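Data block below; observations after.
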Amino acid sequence: MSNPAPVKLGRNDPCSCGSGKKFKVCCAKISDQTSARQLPNLQTLNQLAQQAVSRSDFAEAERCYRQLQKAKPSDAYIVASLGQALCWLNRRREGINHLLHAAKLLERQASKTRDPKFALELSGQLLHWGEVTTAERLARLAVALAPDSPVTLNNLVLCLTRINRNAEALPVSQRVCELLPEHPGCNILLALIESQLGSTDSALERLNRIIEQNIDPEQTARALLERGVILDKLGHYSEAFINLTKAAQGHSAYLDQHPSSRDFLFNSIERNQQGFDKRLLQRWPASLLVNDGLPAPAFLMGFLRSGTTLTEQVLDTHPKLIATDESTVIHELTLELQNISGIIDDHAAALSALDEQQIKHLRQFYWQRMREEHGDQVMHKQLVDKNALHTIELGVISVIFPEAKILFALRDPRDICISCFMQAFSASPATVNLLSWEGIARQYAAVMAYWLALRDDIQPSHLHLRYEDTVADFESTYRGVFEFLGVEWRPEVTRFHERAKGRYISTPSFAAVSQPVYRTAVARWKNYEQQIESIMPELAPFIKAFGYEQ
């Protein structure tokens, strides 16, 4: 949470803790058991907390905010700030509980609130962490406090669209654009809503205007991308690809990643492929490690846009399974691996340096974090840890969890490339290469070659799950998946999309998985055969290896 810079306060000045109250009724009005001479300590703690947050020292921020909370336990701003610090310390479950408690405190004090800023900010934080229901309530509170503010209205639009309530979002988004008629970002959001609701002509007209005006080149690139997606839906494939290419070029021009970041993922995969040989992959057999009493995890991985989110939603509908949404615990595990080995950016070398007890420590670390994220139920149900990027850490997973099960999502490589080209990925070392047609193919080839290189030497059992099989025969495909995971078939999983409609889903597939399985995404590449030709040298080996020649 952000705070104003500390200043010397008068009694009628806004309090420096960020509550929005006057100083005389906030930090100056402490409980009877707190003496007046302690007041400077509260101000100092608040300043120290702000400084800690600014330098990303969230452990120090937690310490400061906990002391502030003891003095002011009903201060929603302090409770929220503590919750945010805990979230960034990867204690998400605990942190979100604090954010939710802060929301309750804020709602109780709503009659005294005049400034929507805190409600707006807390709504945004809760939306970021997937608590959409409470985020929406605070968004509506902010709108009630400032009904003609495009900022509060647009935040409500974001909450509604994130859970596919586009019909409700439409009039609110239209009001935003009435207030800010030339704002490209707000108009793009309205165009997306219009497109989802079938008003493609209106959406295209809006996007065309943004592109022609070119007020913000980065937003222009996003408008080009969305125009390309709509043109694809309308069957104008050549025009669609031209727009997608221009969008990728525009996004690349404004990328804030250092050029060397384009090679980071490829260098990591190459190191892993060289380091994780059969000897290391089978160094600690399952029989040696499973006596620690911990459950056997399952992992869902593959390449981006290969159907992992669809599978996660289906699996999480089963009462005996817990499927995570883009879990980062494996990444945290690799950081712990670096800490105990002292070896940076070479996971194979780091694991080679460990002994059995250190491997068991990493296993304990993983399950402790999963309990913190998902509660004790992860120890009693079958956990399916889903993240497409887990493929890059296949060696780490295989060595530490030899008893694990791996669901590996497959989809026609050509369809994957088309789908990736139509997405607005956040910039990171894992996605920076997905901003070009050739980069997508190169990254796909590197990741999938790594899977093929290790697949036959890893100890975990694995099952290929083809997206096309899911579409062609949903029940038979998932009966096989459930058998692999050791649970029975449950007919209610066929209604996964009904459950997904009201849930926060962090991947770009959040709209698609709220619908029944559909066939239109299969063999989509045939609409772009001419464009596919330029990347066929990269894709051809995998089209053959995974049986997509026919």
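The values are calculated or read from the model by the stated rules, or taken from the named source; none is laboratory data. Please read all numbers here as calculations on a predicted model, not as lab measurements. With ideal geometry, Cβ positions are generated from the backbone for all residues, glycine too; neighbour counts draw on all protein chains shown. For accessibility, only protein heavy atoms count, side chains too; no ligands or nucleic acids. Shrake-Rupley method; radii C 1.70, N 1.55, O 1.52, S 1.80 Å.
Per-structure values
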{"quantity": "Label-to-label distance, nm, for residues given as Q550 and S534 (7 Å Cα→Cβ offset)", "calculated": "3.2"}
{"quantity": "Protein-only accessible surface order, largest first, of F408, F241 at 1.4 Å", "calculated": "F241, F408"}
{"quantity": "Solvent-accessible area of E131 with every protein chain in place, 1.4 Å probe, in Å² to the nearest 10", "calculated": "60"}
{"quantity": "Set of aspartates and glutamates with alpha-carbon distance to K112 below 16 Å, sequence-local pairs under 8 removed", "calculated": "D75"}
{"quantity": "Accessible area per residue, Å², the chain with all protein chains present, probe 1.4 Å", "calculated": "44"}
{"quantity": "For the chain: span of alpha carbons on each principal axis (Å, largest first)", "calculated": "75, 62, 49"}
{"quantity": "Exceeding the 24 Å Cα-Cα cut-off - candidates K246/K526; K278/K320; K386/K544", "calculated": "K278/K320; K386/K544"}
{"quantity": "Heavy-atom accessible area order for H390, H101, largest first, 1.4 Å probe", "calculated": "H101, H390"}
{"quantity": "Potential extension, V487-S287 segment - 0.36 nm per residue separation minus Cα distance", "calculated": "69.7 nm"}
{"quantity": "Cα-based shape type of region 408-503, given that a ≥ b ≥ c are square roots of the gyration tensor eigenvalues and the cut on a/c is 1.5", "calculated": "oblate"}
